[in-house]
Amino acid sequence: MDRNEVFALATQHFLSVLDGVGPDQLTVETPCEGWDVEALLWHVTRASEAGVALVNGASETEAAGLFTMEGSGDVFAQCRRTLEEAVPTFAGVTDFERIVHHPRGDMPLGTLYDLRIGDLTLHAWDLARALSADEALPEPAVNYVYEALKPMEPIIGQIGAFGSGPSGDVGEDATIQVRLLDLSGRRP
């Protein structure tokens with residue numbers, strides 16, 4: 001699968017997990033330390049809004065203004081709208097080397113794409129885990145994210161976004177999903 005197909009698949013999968021969330025579950029804790037379901041949904045919404053803005057030429061300051069964990073209104077509708085808007089926006093990208101001015105630093109659009117695919121894939125698992133729902137992730141997305149993160153294995157626990165990183169307890173005989181989750185600091 002190419003990058004656009006994986007992005008669309010990761011987005012669609014996240015939306016399918018979102019469909020299983022009820023308003024009474026917004027305060028359920030997720031595997032993301034300090035985040036309940038509502039905070040996770042606002043994070044995905046805001047990061048997707050910032051991603052779309054960056055693809056469309058936003059400045060670092062403009063994108064940084066979108067990266068908040070807060071929101072108001074219907075988080076379900078806003079998350080769905082933002083994710084549905086992101087798919088055609090990202091599908092229009094043809095120059096993956098074009099530099100965008102992300103709040104974490106300038107990066108090629110291809111790197112932003114990879115960040116969004118990883119965010120959607122991993123947070124779909126976090127959401128499913130919080131809700132005791134089906135935790136299976138789409139294999140093409142898992143493979144894509146694992147390949148993107150694997151080179152960072154020695155330092156991934158120091159980044160701050162992936163917990164303590166790999167546990168060291170998961171062997172190569174584990175499924176690719178279990179290896180990805182462990183690499184990203186999750187303990188399935």
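The values are calculated or read from the model by the stated rules, or taken from the named source; none is laboratory data. Remember, it's a predicted structure, so these values are computed and weren't measured experimentally. Reconstructed Cβ throughout: ideal geometry from the backbone, glycine too, with neighbour counts over all protein chains shown.
Across segment 123-154, the number of residues qualifying as in a loop (DSSP other than H, G, I, E, B), within 15 Å of A10 (Cβ to Cβ) and of a type in the set (S, T, N, Q) comes to 0. Answer yes if at least one residue in segment 74-92 is closer than 16 Å to C32 by Cβ and in contact with a Leu (Cβ under 7 Å, 6 or more places away or on another chain), and no otherwise. Among the residues of segment 74-92, at least one is closer than 16 Å to C32 by Cβ and in contact with a Leu (Cβ under 7 Å, 6 or more places away or on another chain), which makes the answer yes.
Return yes or no: is G157 more than 17 Å from I117 (Cβ to Cβ), out of contact with any helix residue (DSSP H, G or I) (no Cβ under 6 Å at 6 or more places or on another chain), at pLDDT below 95 and surrounded by 12 or more Cβ atoms within 10 Å (Cβ to Cβ)?
The answer is yes for G157.
Only one of the numbered conditions (1) surrounded by fewer than 13 Cβ atoms within 10 Å (Cβ to Cβ); (2) part of a loop (DSSP other than H, G, I, E, B) is not met by P88, and that is (2).
Look at (1) out of contact with any Lys or Arg (no Cβ under 9 Å at 6 or more places or on another chain); (2) under 25 Å from L180 (Cβ atoms); (3) free of Cβ contacts under 8 Å to residues at least 60 places away in the same chain and you find that F67 fails only one, number (1). Screening A64 on (1) in a helix (DSSP H, G or I); (2) out of contact with any Phe, Trp or Tyr (no Cβ under 9 Å at 6 or more places or on another chain); (3) more than 26 Å from G163 (Cα to Cα) shows it passes everything except condition (3).
Of the residues making up segment 51-83, those that are touching a Pro at 6+ places or on another chain (Cβ under 8 Å) and among the small types (G, A, S) number 2. Of the residues examined, F96 is one that is part of a loop (DSSP other than H, G, I, E, B), touching a residue at least 40 places away in the same chain (Cβ under 8 Å) and more than 14 Å from the chain's Cα centre (by Cα). Answer yes or no: is there a residue in segment 27-39 that is within 22 Å of E135 (Cβ to Cβ), assigned to a helix (DSSP H, G or I) and without any contact (Cβ under 8 Å) to a residue 40 or more places away in the chain. Yes, segment 27-39 has at least one match. Pairs are defined by a Cβ separation below 6 Å, a sequence spacing of at least 6 or placement on different chains, a first member in segment 106-121 that is under 15 Å from A10 (Cβ atoms) and in a helix (DSSP H, G or I), and a second member that is at pLDDT below 95 and basic (K, R); the pairs so defined are Y113/R3. When G157, G168, G185 are screened for being farther than 22 Å from A50 by Cβ, in a helix (DSSP H, G or I) and small (G, A, S), only G157 passes.
Quick one: which of S48, S72 is polar (S, T, N, Q) and not in a helix (DSSP H, G or I)? Being polar (S, T, N, Q) and not in a helix (DSSP H, G or I) holds for just one of S48, S72, which is S72. For the residues P108, P103, P23, the requirement of being loosely packed, with under 14 Cβ neighbours inside 10 Å, of a type outside the set (S, T, N, Q) and over 24 Å from P138 (Cα atoms) singles out P23.
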